Amino acid sequence: MKPTVRELKVYVPAKDFDLSKKFYAALGFDLTEAWGGNFDGRLGPTIFRLQNYYVEDWANNLMLQFEVEDAQAWYDHVKPIIDSGEYAPARIMEPSMHDGALITHVTDPSGVLLIFIQ
């Protein structure tokens with residue numbers, strides 16, 4: 001019998017843990033407390049573990065890619081959240097085409113790049 005995997009959970013660093021929790025909740029992730037004081041962020045079939053731990057080089061090189069039905073809708077949803085200024089230094093780029101895919105790039109408050117790709 002071959003071993004299987006039921007779930008993959010990526011650990012995401014947070015420079016300001018409370019700010020990151022609020023940011024991901026504002027995006028629509030359901031946050032639940034997890035082992036060690038961390039939080040699991042779920043949205044649809046995706047899950048990641050937000051941890052109260054931060055290394056700048058790691059955060060600035062971590063990317064999470066979400067395959068979505070509508071990258072423009074994600075831009076429209078996230079833009080006012082970013083524009084509120086509440087989650088600085090989070091930022092967003094206008095959707096753009098790359099190799100036939102529409103992509104919205106969002107950088108979370110810790111420097112982690114979120115890629116919403118249609």
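The values are calculated or read from the model by the stated rules, or taken from the named source; none is laboratory data. This one's a predicted model, so the numbers in the text were calculated from it and none came from an experiment. We place every Cβ from the backbone using ideal geometry, glycine too, and count neighbours over all the protein chains shown.
Kindly indicate whether Gly44 is at positive phi and at pLDDT 95 or above.
No.
Could you list, in sequence order, the residues of region 68-91 that are outside any helix (DSSP H, G or I) and touching a Phe, Trp or Tyr at 6+ places or on another chain (Cβ under 7 Å)?
Val68, Tyr87, Ala90
Condition first: within 15 Å of Leu64 (Cβ to Cβ) and in a helix (DSSP H, G or I). Can you find one or more residues in region 3-13 that meet it?
Looking for residues that are within 15 Å of Leu64 (Cβ to Cβ) and in a helix (DSSP H, G or I), one finds none in region 3-13, hence no.
Counting just the residues of region 50-81 that are small (Gly, Ala, Ser) and out of contact with any Leu (no Cβ under 9 Å at 6 or more places or on another chain), which one comes out surrounded by the most Cβ atoms within 10 Å (Cβ to Cβ)?
Applying the filter and picking the extreme gives Ala59.
Among the residues of region 47-61, count how many are touching a Pro at 6+ places or on another chain (Cβ under 7 Å) and in a loop (DSSP other than H, G, I, E, B).
3
Being of a type outside the set (D, E, K, R), over 16 Å from the mean Cα position of the chain (by Cα) and under 21 Å from Ala25 (Cβ atoms) narrows it down to one residue among Gly85, Gly100; which is it?
Being of a type outside the set (D, E, K, R), over 16 Å from the mean Cα position of the chain (by Cα) and under 21 Å from Ala25 (Cβ atoms) holds for just one of Gly85, Gly100, which is Gly85.
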